[in-house]
Structures are given as C-alpha cells and as structure tokens.
Amino acid sequence: MNPVNAFQSTFGQPPLIATSAPGRVNLIGEHTDYNGGAVLPAALQRRIEVALSRNDSGQVAIKSSRFDDTVHRPVGDPKRGDWTDYAVGAIDKAAQLEWLTGGVNVYIESDVPDGAGGSASAALITAILRAAAIIGQVATTPVDIAKHARAVENDYIGMPCGIMDQMAVGLADFGKALALDTRDLSYDVIDIPKEWEFAVFHSGVRRELADGRYKARFEECQAASQALGTSHLSRLDQDQVRAMADLPENLRKRTRHVMTEHKRTVEASAAMKANDLDRFASLMNESHRSYSQDFEASTPVIDDLVNDALNIGAKGARLTGGGFGGCIVTLIEANRIEDFAAELLDRHENAWRV
Ligand code: GLA
C-alpha cells in the first residue's frame, strides 16, 4: 500500500504531507567525515517514505508497515533504545525548531534494511524533518536539514557520527554520487557512469552490535587530533605529519588511515568524473586494506567476502559504512553483475544483496 493510503486507514484521515529519502552506500571515504575529510557516498534505490499530520495531542503516534502496533510516545520523550527513537528524536528536533509543535501522526514505509549500514536512520530522520519544514512553511536548505538530522543522531540518539549519511540521503538521487568535503560542506553531485555497477552485499553480521566500537574509533581520532593540535585529522601539515611519530601506535595507525583515505577519496571522485573504472577500483581496494589494517575496523567474515568478490571478478571491493560488520560494496562492469552476484551469494550463505 502507498504510505498516503496506509496513513488514511491507520489514522482515519488523509495526511498533510508525504515525503521520502533514499538509503545510502558509501563508495569510499570512511571515518573521514568527522575528521574534516572527503567522502563519496551514493544513494540506494531503496527509500523510506513517510506520511505525516499534526494531531495536537502532545503525542507522537508512529505506525510502520513493518510492525502491527501503532506506538504512542509523548513529544520530547527521552530515548528508550528502539527504532521509534529516530522518529521521536526527529519530531523533538522539529518541535525545538518550532517547525511542528503539538503532536504528530506518522506512517512509515521502508525498503531500506535496518541495522544493515544503509543509513535507514538518517533517511527516516531526514524525511520527517523535510515534512516538518514544509508543514511549518520554513525556508530551509538540504544542508540545514542535514545538520539538524545529524544533531538528532549526536544529541538525542547519542551516536557520535559525522554528517556524511545525512548529506547523502538529502542530496543524492539514485545513479548519483555525492563528492562532499566535510570541512566546509561544499559538494559536487557526480553521475555514476552507466557502465559501472556498484553492488552492495550484506555480510549477515548486523552492524548495530558494533556501535560501541564506532565510538571507540571516534574517540581515538579525537585523542589523535588533540595530540597533534588539529580539528581536521584528515588534513595534516608537514609538522603534524612529523609529530605522528610520537603518537601511540593505535593513534598513529588511525591517523594514517584518515589521512590516506581523504586523499584516495579526492582521487576517486576525479576518477569517477573521468570514467576511469580501473583507477577507481584500485582506490577502493587500497581503501579496504587501510580500513582493515590501519583503522582495524574489518572482521574475518568481511575480509573473506571482499577477497572472494575480487577473486570472482569484482574490480573493486571494500567494507562500507561504520565498520565491524554490515555491508561490502563492490564495483563491477554493469553487464557482468548478475552472474557475479549469484556466484558470490552461492559461496556465502549468510550474505544477501541489498
Ligand atoms: C557511519 C556514520 C558516518 C561515517 C561512517 C564511516 O555511517 O554514520 O557519519 O562516519 O560511519 O565512514
């Protein structure tokens, strides 16, 4: 059912507004987004759609097509540790901004998998904030919405993420990649060449189990930034590079990853614009090595999947997203994708194509 009809049958009246946002996959540029570096995410074909109305009850009534029950929570309810937090956190932010006050009915339809590294949370928060801005008749921009959406994750959910996911789901459409410089939020939307196929495979290991480890890496980067006297660990000057020698080994390795990853990402954006698939793919492969060896964010299951993908014909393959499970992204010529995917899934029974 489409979300407008589903809203009507759940709440007994039509919604005021329906909005949507896609999931995202990061092609290259991992953990650079809170270190002032470059990222290159792309939109997934899968989307989250929301239909929404005011209800003036002081409550958020949330219904998802995936669950039977409608959940009721007060506006401003503190986080309670389940998926409805993303909706309540977004409504809370909209209320603080005075975009939408008094209570809300919201219906959610999604084919972005949860806990799979497809940024379902960023897409849901973004779609709700967009709806709230339209209802509140506020002049806003996708960049403003992305900043507010990130604040919901950082402040309400307590996930210290950067701004990549919120910018990607707010600014990229399917078939496009977003070359984003997180230092100043300047960006360029790039058409992915038609002959390139990025296929995403879930490893079967859920990512949400890993949020504590994401935070640990974030804190290591903060410690390294502090020791080197920078707020942009991805972009060190000569003196700071020399000073890396005095860092403890773990911080030196994390720094090396975010620095080299930034450079690879800038180069990868240029390779995509120049339709240079081989160069792009080899940067993806270097990125995986760095993410695995220097950032130490991969797992044996992921490394196996990446190696097999390369062995059976992917040009590039790497762990994508926050790390410690979740998905790999592979690059292959478009006409070879179906056979390749079938063979990879045949070898990895817990994996599935996103
Ligand atoms: C998660 C975070 C992003 C980014 C990536 C790693 O997806 O939400 O902000 O840090 O991990 O690149």
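The values are calculated or read from the model by the stated rules, or taken from the named source; none is laboratory data. Everything numeric in this text was worked out from a predicted model, so none of it was measured. Note that we place each Cβ from the backbone using ideal geometry, even for glycine, and neighbour counts take in every protein chain shown. Heavy atoms of the whole protein, side chains included, go into the accessibility calculation; ligands, DNA and RNA do not. Shrake-Rupley method; radii C 1.70, N 1.55, O 1.52, S 1.80 Å.
One residue stands out among those in the stretch 108-117 that are open to solvent by 20 Å² or more (accessible area, probe 1.4 Å) and part of a strand (DSSP E or B): the one that is nearest to the ligand (Cβ to nearest atom), which is 110. Just one of the listed residues (334, 314) is modelled with pLDDT of 95 or more, in contact with a strand residue (DSSP E or B) (Cβ under 7 Å, 6 or more places away or on another chain) and either of a type in the set (Gly, Ala, Ser) or more than 15 Å from residue 198 (Cβ to Cβ) (or both), namely 314. Filter the stretch 49-101 down to residues that are without any contact (Cβ under 8 Å) to a residue 12 or more places away in the chain and closer than 22 Å to residue 9 by Cα and give me whichever is surrounded by the fewest Cβ atoms within 10 Å (Cβ to Cβ). Only one residue tops the list, namely 68.
Listed here are the residues, each with its yes/no results for (1) within 16 Å of the ligand (Cβ to nearest atom); (2) closer than 30 Å to residue 254 by Cβ.
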| position | (1), (2) |
| --- | --- |
| 6 | no, no |
| 21 | yes, no |
| 24 | yes, yes |
| 30 | yes, yes |
| 36 | yes, yes |
| 40 | yes, yes |
| 48 | yes, no |
| 53 | no, no |
| 63 | no, no |
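Figure legend. Inter-residue proximity from the stretch 310-334: first residues in contact (Cβ under 8 Å) with a residue 12 or more places away in the chain, second residues assigned to a strand (DSSP E or B) and basic (Lys, Arg), beta-carbon distance below 7 Å, spacing 6+ or different chains. Indicated pairs: 328/318; 329/318.
Matching residues to (1) within 16 Å of the ligand (Cβ to nearest atom); (2) at pLDDT 95 or above; (3) assigned to a loop (DSSP other than H, G, I, E, B); (4) more than 20 Å from residue 117 (Cβ to Cβ):
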position	(1), (2), (3), (4)
278	no, yes, no, yes
295	yes, yes, yes, no
323	yes, no, yes, no
328	yes, yes, no, no
345	no, yes, no, no
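Residues in the stretch 254-267 that are open to solvent by 60 Å² or more (accessible area, probe 1.4 Å) and closer than 15 Å to residue 232 by Cα: 2 in all.
Note on the stretch 127-241: enclosed strands (runs of 3 or more DSSP E) holding 1 or more residues that are within 14 Å of residue 34 (Cβ to Cβ) and not aliphatic (A, V, I, L, M) are 176-181.
For the stretch 338-354, taking the residues that are under 16 Å from residue 44 (Cα atoms) and of a type in the set (A, V, I, L, M, F, W, C), the one that is surrounded by the most Cβ atoms within 10 Å (Cβ to Cβ) is identified as 354. Restricting the stretch 196-207 to residues that are at pLDDT below 95, more than 16 Å from the chain's Cα centre (by Cα) and not β-branched (Val, Ile, Thr), which is surrounded by the fewest Cβ atoms within 10 Å (Cβ to Cβ)? Ranking the qualifying residues of the stretch 196-207, first place goes to 204.
Taking the conditions (1) more than 30 Å from residue 227 (Cβ to Cβ); (2) within 13 Å of the ligand (Cβ to nearest atom); (3) in contact with a His (Cβ under 9 Å, 6 or more places away or on another chain) in turn, residue 57 satisfies each one other than (2).
Looking at 113, 142, 78, which is the one that is under 17 Å from the mean Cα position of the chain (by Cα) and over 27 Å from residue 1 (Cβ atoms)?
It is 142.
Out of 277, 247, 185, 251, one residue alone is surrounded by fewer than 22 Cβ atoms within 10 Å (Cβ to Cβ) and within 17 Å of residue 316 (Cα to Cα). It is 277.
Among the residues of the stretch 1-48, write down those that are part of a loop (DSSP other than H, G, I, E, B) and either open to solvent by less than 10 Å² (accessible area, probe 1.4 Å) or under 14 Å from residue 182 (Cβ atoms) (or both).
29, 30, 31, 32, 33, 34, 35, 36, 37
Selection within the stretch 121-172: residues that are of a type in the set (Ser, Thr, Tyr) and more than 15 Å from the ligand (Cβ to nearest atom). The member of this set that is surrounded by the fewest Cβ atoms within 10 Å (Cβ to Cβ) is 141.
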